[in-house]
Amino acid sequence: MGLISPSSWQAMRRIPVTSLTLALALLVAALTLLGDYLPTLAWFTIVPLVQQGNYLYGTTLEATLQQGQWWRLLSPALIHFGALHLVFNALWIWEGGRRLERMFGSGSVLPLLLMSALVANLAQYYAGSFLFGGLSGVVYAYLAALWLWDRLRPAQASGLSPALFGFMLVWLALGFTEMTATLGFGTMANAAHVAGLLTGLVWALWWHWRVPARR
């Protein structure tokens, strides 16, 4: 008997963007040993890493892009530091991604995925970080898009509980305190979270303007 039932495979095939995102995150988690194995971790960080003694340094993004390493603009979203970080983001990607993909189609969700990852990564880098990762910027984009769409189009609502988005807003606020570190989640990528949230809101507004309301 396979690990995944035929019905599960069929369900995953109907949401290929979400399924591929989770598969890539799992692959990168394995390759980097959940962020602990520096030689492979350095493949996915936004800039190459240089270790000198006990310290890590990053090159500039401008030099990195001049070297043709454009994948680094997106790849930090696939890095996760620890099992809890991975599971937390994977659950939210599944919850939000499959709703969006079923409602708007894979071809519409893929640009949101790429744009939110890009904007979140750049925001976090220019906020002063070069060693960060996670799909949380995409998570905030997905949930913000669903929340706003449901407010704008209640007749075509996704069914996402407003309480879930409320919880994520509380979590966003906690990220600006020391509470998340105390709980074992480390320092939050606050700039990435805010950037992802704003990207999701813009995406939902664009779709509201683009798609006629059903009577």
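The values are calculated or read from the model by the stated rules, or taken from the named source; none is laboratory data. It should be emphasised that the depicted structure is a prediction, and the values quoted were computed from it without experimental measurement. As a convention, Cβ positions derive from the backbone with ideal geometry for all residues, glycine included, and neighbour counts pool all protein chains shown. The accessibility values were calculated without ligands, DNA or RNA, using every heavy atom of the protein model including side chains. Shrake-Rupley method; radii C 1.70, N 1.55, O 1.52, S 1.80 Å.
Assorted remarks:
- Shape category assigned to the range 26-131 from the gyration tensor of Cα positions, a/c cut at 1.5: oblate
- At full extension, TRP70 and GLN156 could sit 27.2 nm farther apart than now, given 0.36 nm per residue minus the alpha carbon distance.
- Taken along the Cα-to-beta-carbon direction at a fixed 7 Å, the label points for LEU27 and TYR126 span 3.0 nm.
- Entry note, the chain: the mean residue ellipticity at 222 nm calculated from DSSP H runs of n ≥ 4, each adding -39500 (n - 2.57), is -20000 deg cm²/dmol after division by the residues and rounding to the nearest 500.
- Within the chain, longest stretch free of exposed chymotrypsin sites (Phe, Trp or Tyr not before Pro) [DSSP loop, at most 15 other beta carbons within 10 Å]: 38-175
- Remark: the THR187-TRP209 segment gains 4.2 nm on full extension, using 0.36 nm per residue and subtracting the alpha carbon distance.
- Taking the alpha carbon gyration tensor of the range 98-162, multiplying each eigenvalue by 5 and rooting it gives semi-axes of 26, 13, 9 Å, largest first.
- Net length gained if the chain between THR40 and THR59 were fully extended (0.36 nm per residue, minus Cα distance): 5.2 nm
- Protein accessible area in the range 84-215, 1.4 Å probe - carbon and sulfur %: 69
- In terms of overall dimensions, the C-alpha atoms belonging to the chain reach 64, 45, 39 Å along their principal axes, ordered largest to smallest.
- Probe 1.4 Å, protein heavy atoms only - accessible area per residue of the range 3-112 in square angstrom: 55
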